[in-house]
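These notes concern the structure reproduced below.
The values are calculated or read from the model by the stated rules, or taken from the named source; none is laboratory data. All of these numbers come straight from a predicted model, not from anything done at the bench. Here the Cβ positions follow ideal geometry from the backbone for every residue, glycine too, while neighbour counts run over all protein chains shown.
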Amino acid sequence: MRSNYTYKIVKLGGSVITFKDRPMSIRYDVVRYLASELAYFLSGYPDTRLVLIHGGGSFGHPVVHECLETRGEIDVECFSKTSYTMMSLNTYLIKELNDVGIKSVSIPPHTIFRREVGRLTYESDLIRKYLMRGLTPVLYGDVILSNGSFEVISGDTIAWLLAKDLSVGELIFVTDVDGLFDKDPKKYADAKLIDFIHASSLAELTFSTNEYDVTGSMGLKLVEGLKYDVRGVKVRVVNGLIRGNLYKSLVGGSTVGTVVEY
Ligand SMILES: Nc1ncnc2c1ncn2[C@@H]1O[C@H](COP(=O)(O)OP(=O)(O)O)[C@@H](O)[C@H]1O
Ligand SMILES: [Mg+2]
């Protein structure tokens, strides 16, 4: 996007803003300090504009998981339930963001994204216009129209598409582990944290998924950038469960988490 501003995308993982193992439970304290860190950053860096995206955590995932399990697909009822559930999580976040002075606007993805004849499209112009007018757009993992049926679009996918289309310099994934490891740190005690890696070397690492997550975890998150052929973006993976990390990663220069160069 051409203007005098620097754009960054921050994706708040569902694993950070909710307790993934407890249905519909928000980590209120974490959401509060993450919102404050974003506000503090924006006040010190008025030339930077943010787009925020959040995941589904214990809101979206269990609803979709149950639908797939019992009906084998996302039907009309499931679509309605999932979009409602995600919107309620989103509404809470918007309130917290507004409370700390971030002039945010919710852009429910089911209203602008769709898949037609295999092609995922969306109204990126709307996001641009809100940004230009000084608002902080907030999107999230959601359900969308897909050809004759429905599908899930993850917050990660949205983050990549926007990173590419808005030509942002940095994309920060805020998650529940210290960064990218050579293997899943939740499964292997000897997993080693990687400070820096080029995206072309991601294939050398080991990733694992959990059955709860309907959109894949760290592996898919980072490999998607290659799939969408995103280039020239500095991606950071940072642990949002540690206070101050998000601010540090936004400011840059410090060695918190992992940097993945695309
Ligand atoms: N090599 C790896 N490095 C870091 N995390 C990994 C790796 N492989 C799997 N993971 C898992 O990915 C999870 C983060 O993905 P996810 O649960 O989808 O988070 P989010 O809610 O932020 O999208 C971590 O909690 C971790 O258990
Ligand atoms: Mg995820």
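The figures follow:
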read-out: Condition met for S124 (small (G, A, S), touching a residue at least 24 places away in the same chain (Cβ under 8 Å), surrounded by fewer than 17 Cβ atoms within 10 Å (Cβ to Cβ) and in contact with a helix residue (DSSP H, G or I) (Cβ under 7 Å, 6 or more places away or on another chain)); value: yes
read-out: All positions within the stretch 123-145 that are touching a Pro at 6+ places or on another chain (Cβ under 8 Å), within 26 Å of V76 (Cβ to Cβ) and not in a strand (DSSP E or B); value: G141
read-out: Within the stretch 116-154, considering residues that are of a type in the set (G, A, S) and over 19 Å from the mean Cα position of the chain (by Cα), the one farthest from T215 (Cα to Cα); value: G134
read-out: Residue identified as of a type in the set (F, W, Y), buried (at least 20 other Cβ atoms within 10 Å of the Cβ), within 22 Å of F150 (Cβ to Cβ) and over 16 Å from the mean Cα position of the chain (by Cα) among F59, F113, F79; value: F79
read-out: The stretch 225-239 residues that are on the phi > 0 side of the Ramachandran plot, paired with ones that are crowded, with 20+ Cβ neighbours inside 10 Å and modelled with pLDDT of 95 or more (beta carbon under 8 Å, 6 or more apart); value: G232/Y262
read-out: Some residue of the stretch 13-26 being acidic (D, E) and more than 16 Å from ligand 1 (Cβ to nearest atom); value: no
read-out: Qualifying strands (runs of 3 or more DSSP E) (wholly inside the stretch 171-262; at least 2 residues being surrounded by 15 or more Cβ atoms within 10 Å (Cβ to Cβ)); value: 234-239, 258-261
read-out: Search result, residues across the stretch 169-210 that are over 14 Å from the mean Cα position of the chain (by Cα), among the β-branched types (V, I, T) and either modelled with pLDDT under 95 or within 21 Å of V16 (Cα to Cα) (or both); value: V177, I194, T206, T209
read-out: Test for F150: is it more than 30 Å from N4 (Cβ to Cβ), aromatic (F, W, Y), within 16 Å of ligand 2 (Cβ to nearest atom) and buried (at least 19 other Cβ atoms within 10 Å of the Cβ); value: no
read-out: Flag if T48 is among the hydroxyl-bearing types (S, T, Y), away from ligand 1 (no atom under 16 Å from the Cβ) and at pLDDT below 95; value: no
